[in-house]
Amino acid sequence: MDFNCGHRTDIGRVRCHHEDRYLVDPEHGLFVISDGMGGHEAGDVASAVAVESIGTHVRSGKLIDNAIQNAHHAVVHASRNGRGKPGMGATAVALHLNENGYRIAWVGDSRAYLWNGKLRRLTRDQTYVQKLLDEG
């Protein structure tokens, strides 16, 4: 597979500290972005734990969907063991490329887009606001 990739993140205009974490691992075809949930304590820790967990699980052969679920458990476990704070959380979106194509998994409002001359959104937010929009 031959492709180019780049990565960049920005703190934005509202926060005073950065809660984004990402993993770019072209060798394993793995790309992950996680954003700590604003308004919750230790979002930066939650996003770091999520990215580490997803990377570890996918590299060990697990499907990206299962890796996202395991990341949730890793965040909860971390807070119970003194890394971060109780109630911390993060959103995540992950792409895993392989010889058969790709898989995307996500949780929350971190989004995946496809660029093929124009931008097309591939994921739907898993949020209460999206639920309300869906219900009209």
If you go through segment 88-106 one residue at a time, how many are open to solvent by 60 Å² or more (accessible area, probe 1.4 Å) and under 21 Å from Asn70 (Cβ atoms)? 3
So Leu119 passes all but one of these: (1) farther than 17 Å from Val45 by Cβ; (2) within 19 Å of the chain's Cα centre (by Cα); (3) modelled with pLDDT of 90 or more. Which condition number does it fail? (2)
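Has segment 80-87 got at least one residue that is surrounded by 12 or more Cβ atoms within 10 Å (Cβ to Cβ) and within 17 Å of the chain's Cα centre (by Cα)?
So in segment 80-87, the residues surrounded by 12 or more Cβ atoms within 10 Å (Cβ to Cβ) come out as 83-85, 87.
Add one more test, that the residue is within 17 Å of the chain's Cα centre (by Cα), and what stays is none.
No: segment 80-87 contains no residue that is surrounded by 12 or more Cβ atoms within 10 Å (Cβ to Cβ) and within 17 Å of the chain's Cα centre (by Cα).
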Among the residues in segment 89-100, are any touching a helix residue (DSSP H, G or I) at 6+ places or on another chain (Cβ under 6 Å) and over 20 Å from Arg59 (Cβ atoms)? yes
What do you reckon, is Ala94 at pLDDT 95 or above and among the small types (Gly, Ala, Ser)? yes
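The values are calculated or read from the model by the stated rules, or taken from the named source; none is laboratory data. Please read these numbers as outputs of a predicted model, since none were measured by experiment. Using ideal geometry, Cβ is built from the backbone for each residue, glycine included, and neighbour counts are taken over all protein chains shown. Heads up: the accessible areas ignore ligands, DNA and RNA and are worked out on the full protein's heavy atoms, side chains in. Shrake-Rupley method; radii C 1.70, N 1.55, O 1.52, S 1.80 Å.
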